[in-house]
Amino acid sequence: MTTFVRADAVDTSPTAARAKALAARYDALDAEALLAALAVHEFPGRIALVSSFGAEAAILLHLCARIDPAFPVVFIDSGRLFVETLRYRDELVARLGLTDVRSVGPEPAAVALADPDDDLWARHADGCCGLRKVVPLQRALAPFAAWVTGRKRYHGAERQHLPKIEPADGRIKVNPLADWTRNDVEAYLTRHGLPRHPLVAAGFSSIGCVPCTDRVVPGEAARSGRWRGGAKTECGIHLRLRDEAAAAAS
Ligand code: SF4
């Protein structure tokens, strides 16, 4: 059985040492220069962007396409996404000319076994995210040594102290926009004329699966509409994984 471990647990792995060295070399670069340095010099062909095609996703998709339209992009289709997100994915892919977008999802047999009534999200949200997002992502990341996320410190909660480069389950995880503000996001989208996710205009500032995404009201944190009413704030792809047996032995 898989469980999640807080990402801020002490990590003494070789990947952690590599992350530290990369941060010392590249941390001061802006987002595009950081991405280019890692894609060209450190992980050629072995780095992927993991994108939700959500409210702010167009920025990194645009940056990656500028570096190389064949920059690999992984999109996790949990099977519970808004149809607007799927249409937005197709629109952005065409607009930016991205040629290597990999839509991945849970195995139908695994869903039939673990979530036959489509209600796992209500009974065990962490298990649902594990089934529909974390396991598919782990499979999709197998060819890669590093991956890129769009997380930002201004999102709050676990993200407030987000580094730009960190270790994650044996890979390097890169957060080029960690220090961007909401204003930076808006300015970039406007400057480059990038299309907005259609649900932003309907009051959604962070967009995930239908059952677990709510609108936010002015003044609320950007992600306060995710898993509203519960303690859960992350889907699990940004927490470390470990096997229960290994955990028990540690
Ligand atoms: S966000 Fe909700 S519906 Fe989507 S995988 Fe997680 S628990 Fe399931």
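Quick note: the coordinates plus some simple rules give every number you see, no bench work behind them. Every value quoted in this text rests on a predicted model; they were computed, and no experiment measured them. Reconstructed Cβ throughout: ideal geometry from the backbone, glycine too, with neighbour counts over all protein chains shown.
Here the Karplus curve 6.51 cos²θ - 1.76 cosθ + 1.60, taken at θ = phi - 60°, turns the phi angles of segment 63-73 into couplings of 4, 5, 5, 5, 6, 6, x, 8, 4, x, 10 Hz, with x standing for Gly and Pro.
Computed from point charges on the beta carbon alone (+1 for Lys and Arg, -1 for Asp and Glu), the dipole magnitude for segment 2-249 about its Cα centre is near 320 Debye.
Only lysine pairs 8 or more places apart, or on different chains, with alpha-carbon atoms under 13 angstrom apart are counted in the chain, and they number 4. Cβ-Cβ distance of ALA23 and ALA157, R₀ of 22 Å, FRET efficiency by 1/(1 + (r/R0)^6): the value works out to about 0.50. The H on the amide N of ILE172, modeled in the peptide plane, is under 5 Å from the matching H of ALA146, TRP147, each at least 5 residues off or on a different chain. Put simply, the amide H of SER103, placed in the peptide plane, has neighbours under 5 Å in PHE75, leaving out anything fewer than 5 places away on its chain. Estimated from helical segments only, the mean residue ellipticity of the chain at 222 nm is -9000 deg cm²/dmol, where each DSSP H run of four or more residues counts as -39500 (n - 2.57). Give the percent of DSSP beta bridges with both residues in the chain that are antiparallel, rounded to the nearest 5. Antiparallel bridges make up about 45 percent of those DSSP assigns within the chain. Note on ALA33 and ASN183: the extension gain reaches 52.0 nm, defined as 0.36 nm multiplied by sequence separation minus the Cα-Cα distance. Most tightly packed first, judged by the mean number of other beta-carbon atoms within 10 Å of their residues, the peptides 95-108, 170-183 read 170-183, 95-108. Each of SER51, SER206 has some number of other Cβ atoms within 10 Å of its Cβ, and from fewest to most they run SER206, SER51. For segment 40-98 and segment 204-231, compute the distance between their C-alpha centroids and round to whole Å. Between the Cα centres of segment 40-98 and segment 204-231 lies a distance of 22 Å.
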